Amino acid sequence: MKTNQLNTIYIMWLRQIKRYWRSKSRIIGSIGQPLLFLVAMGFGLGPMYAKAGGGSYLDFLSPGIIGQAILFMAVFNGVELIWDRQFGFLKETLVAPVSRLEIVLGRVLGGTTISVFQGIIVFFLTLILGFRPQNLALLPLSLVFMFLIALFYTTLGTAIASLMEDFHGFQLIMNFLVMPTFFLSGALFPLDNTASVLTTIAKFNPLTYGIDGLRQTLANTAVFNLSLDILVLTVLSGILLMVSSYLFSKIEA
């Protein structure tokens, strides 16, 4: 890749990072929902989970909530694309003599970085509440899964936002996509002891493989193989990145 192309990607990446850091309320507010799930469900349902022979529910739940925080932050990065489009900031970028692919890569990598950072914040939050990783040597691999989850869903948010012209349409799609994706990923309940229909649905849910990878690297429990988790997320992210680039290229300046 040429130097000027890398510069464009870096500039778009840096713009996303700066926008995130300028919004302190966004950083604080984005940990509210994960904290609610961890406290209300982790401690509220913990005794029932333990009586059923499942051990510590907080240990089971924590990787799922980390994945949730990444999912929400990554997908809603697409809202910023609609914002830029409505208020003219995107037009300034589109008329610049740079490739649309470079713009998409910069935005996606910026959103991915922000989402991974969000996941790390929630990870430290789980440590404060009592969660302890089972194998510290696997922590770097858990970062890989955070990155893959963030990459896939940031790209998905960008693809959807490329088709939307206002916030209302985007919010409608997100309500039918984000919450079902989270609840049907095995983040809140074990897939190996649930109804077969839910297990089947979960197998077609990309987040399932991200949560499974996080749970195996952090809590040493899993349904699938780590190699399968990485393969599914990597292949789907690559395909979606191409789709997102194509849809973004169709946006009129």
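The values are calculated or read from the model by the stated rules, or taken from the named source; none is laboratory data. Bear in mind that the values here come from a model prediction, so they are computed numbers and not experimental data. Note that we place each Cβ from the backbone using ideal geometry, even for glycine, and neighbour counts take in every protein chain shown.
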Within region 208-215, does at least one residue satisfy the condition of being within 15 Å of the chain's Cα centre (by Cα), on the phi < 0 side of the Ramachandran plot and among the aromatic types (Phe, Trp, Tyr)? yes
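For region 186-253, give me every one of the helices (runs of 4 or more DSSP H) that falls completely inside it and has 3 or more residues that are crowded, with 18+ Cβ neighbours inside 10 Å. Steps first, please.
On the way: elements: 196-203, 206-218, 226-249.
Those helices (runs of 4 or more DSSP H) span 206-218, 226-249.
Listed here are the residues, each with its yes/no results for (1) modelled with pLDDT of 90 or more; (2) in contact with a Phe, Trp or Tyr (Cβ under 9 Å, 6 or more places away or on another chain); (3) of a type in the set (Val, Ile, Thr).
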position: THR154; (1), (2), (3): yes, no, yes
position: GLU165; (1), (2), (3): no, no, no
position: ILE173; (1), (2), (3): no, no, yes
position: THR199; (1), (2), (3): no, no, yes
position: LEU207; (1), (2), (3): yes, yes, no
position: ARG215; (1), (2), (3): yes, yes, no
(Q) It is to be established whether one or more residues within region 188-196 are touching a residue at least 60 places away in the same chain (Cβ under 8 Å) and within 19 Å of VAL79 (Cα to Cα). (A) no
